[in-house]
Structures are given as C-alpha cells and as structure tokens.
Amino acid sequence: MVRYTKEHKRQTRQRIITSAGRRLKQDGIDGSGVATLMKDAGLTHGTLYAYFPSKDDLVATAVADQMRAQHENIVAQAAPGRAGLEQIIRWYFSPQQRDDIEDGCPNAALLDEIARSTDTTRQAYTDGVLVLIDGFAARLAPHDPPSARLKSLSLLGMMAGTLQLSRALTDRQLADQLLEQGIRNALALIDAEQHD
C-alpha cells in the first residue's frame, strides 16, 4: 500500500475542490454526479469519501472555494475607490466572463441551485458573499463601509441577475446590449451612492 504525504493529500483535495467548482458551474449541482466530479479530478468514484464525508460536503467546500477565488482574483485585485468598482463591473459584464461559465462567476452560475441546497452550502455561499460585498462596500464608502453593505449586496444581485439573463438569451446582439446596459446601471447605482 502506498502512503501519501500530507502535502500530496492536501494537493489532491484541492484538485478535487477546484475541478468540482468548475463542473458545478458548468453542469449545476444537481447535474453533477459524484462519478463525474471525481473523474474530472482524475480519481475514482469511491475516492471522494477519503476526502469528504459526502457530495454535499464537497459542494459546500467547492462553493466556498469558488467565492474565495472570485474575491482574491477579482475584487481584492481591483483598485481602491470608484475606479476599482468600475474595474470589477466592466470585468463582470464582459462577453468573455458571460461566455466562460466554468471559469466565471459562481453567483450567476449557481445562485438558483444554492437557494435549494443544504444549509451548509447556503452558509458557505453566504460567507463568501459577505466577503465580496465588503470589498464592494470598502470601495463604495471608504470612510464608512458598513453603511454601503446593503447597497453592495443589491449591486451584486443586480450584476448576477443581469449576467444570468444575458447567458440565457439566444440573441447574441441583445445579450451583448444587456451587458452594456448592466454596466450603465451598475455605474449609476454606485454614483448615486457617492452622491447620497
């Protein structure tokens, strides 16, 4: 029997989480079976249980990881203040972001399913959302981020809903126009906050 180092186990676990996050966004939570999730990670079906007690636990962990990655790779990298919010908004409403579902926003890809998921998955999502919106709020109201928390949550909801709708449309031109309108609406929302 081969004994693996703790580092190998950690890397394998992270590979499972990362590949599961991509698959969940592509096929949905209900559309992603354990066999497929494990195959994506290059492992057998039964291997899941060496790393996670259940598929639900893997889903909650993958959702948390996707939210963390979105914060670290997009929100935390953006400039401070309004300029940073505009960077985030323009990235979010880009055709590339819309068309690349498996590497895109977990909010737009999974929101409807997360609402029907286990409490653990919903809590992992909620924790991730709070980190994201705190990044928005710090740029929206640098001197009093808590005052902008609810507006930031509303901004995230508007962004995710607009992206979902754009992804669902078969008319490419209309879908692109919706993204452009989403940018205008989001910028108007943040400008209204800064003048309140």
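The values are calculated or read from the model by the stated rules, or taken from the named source; none is laboratory data. All of these numbers come straight from a predicted model, not from anything done at the bench. Cβ placement follows ideal geometry from the backbone for every residue including glycine, while neighbour counts extend to all protein chains displayed. Note: accessible area is taken over every heavy atom of the protein model, side chains too, but ligands, DNA and RNA are not part of it. Shrake-Rupley method; radii C 1.70, N 1.55, O 1.52, S 1.80 Å.
In whole Hz, with x marking every Gly and Pro, tabulate ³J(HN,Hα) for segment 63-77 from phi via Karplus 6.51 cos²θ - 1.76 cosθ + 1.60, θ = phi - 60°.
Running phi through 6.51 cos²θ - 1.76 cosθ + 1.60 with θ = phi - 60° gives 4, 4, 5, 5, 5, 4, 5, 4, 5, 5, 7, 10, 5, 5, 7 Hz.
Could you order the peptides 57-67, 28-38 from most to least packed, using the average number of other C-beta atoms within 10 Å per residue? Working shown, then result.
Numbers: 57-67: 23.2, 28-38: 16.6.
Ranked from most to least packed, the peptides come out as 57-67, 28-38.
Mark the label point 7 Å from the Cα of residue 144 along Cα→Cβ and return the residues of segment 39-81 whose backbone N is within less than 19 Å of it.
81
Is it possible to state the helix-based mean residue ellipticity at 222 nm for the chain, with each DSSP H run of 4+ residues giving -39500 (n - 2.57), the sum divided by total residues, to the nearest 500 deg cm²/dmol? What is it? Show your work: numbers first, answer last.
On the way: 10 runs with 141 residues, N = 196.
Mean residue ellipticity, 222 nm, calculated: -23000 deg cm²/dmol.
Using the Cα centre as the reference, give the magnitude of the dipole from point charges on the C-beta atoms of segment 1-148 (Lys, Arg: +1; Asp, Glu: -1; all else neutral), rounded to the nearest 20 debye. Write down the numbers at each step before the final one.
Details: 18 positive and 19 negative charges, 109 e Å.
That gives segment 1-148 a dipole magnitude of about 520 debye.
Report in % the part of the accessible area of the chain that belongs to carbon and sulfur, leaving out ligands and nucleic acids; probe 1.4 Å.
On the way: 5510 of 10300 Å².
Accessible surface attributable to carbon and sulfur in the chain totals 53 percent.
Could you do me a favour and compute the accessible area per residue for the chain, 1.4 Å probe, result in Å²? Please list the in-between numbers first.
Numbers: 10300 Å² over 196 residues.
Spelled out: the 1.4 Å probe surface of the chain, per residue, equals 53 Å².
Which of these values of P(r) over Cα pairs in 10 Å bins from 0, in percent was calculated from the structure shown: (i) 10, 40, 37, 12, 1; (ii) 9, 33, 31, 19, 7, 1, 0; (iii) 9, 26, 32, 23, 8, 2, 0?
Computed from these coordinates, P(r) over Cα pairs in 10 Å bins from 0, in percent corresponds to label (ii).
Top to bottom by accessible area (1.4 Å), largest first, where do 125, 49 land?
Highest to lowest solvent-accessible surface, that is 49, 125.
May I ask you to derive the relative contact order of segment 5-65, considering only C-alpha pairs under 8 Å and at least 6 residues apart, and to give it as an integer percent?
Relative contact order comes out at 38 percent.
Sort 155-166, 7-18, 129-140 by the packing proxy (mean of other Cβ within 10 Å over each peptide's residues), most packed first. Spell out each step's value before the answer.
Working: 155-166: 18.9, 7-18: 14.8, 129-140: 21.2.
Per-residue mean Cβ counts within 10 Å order the peptides as 129-140, 155-166, 7-18.
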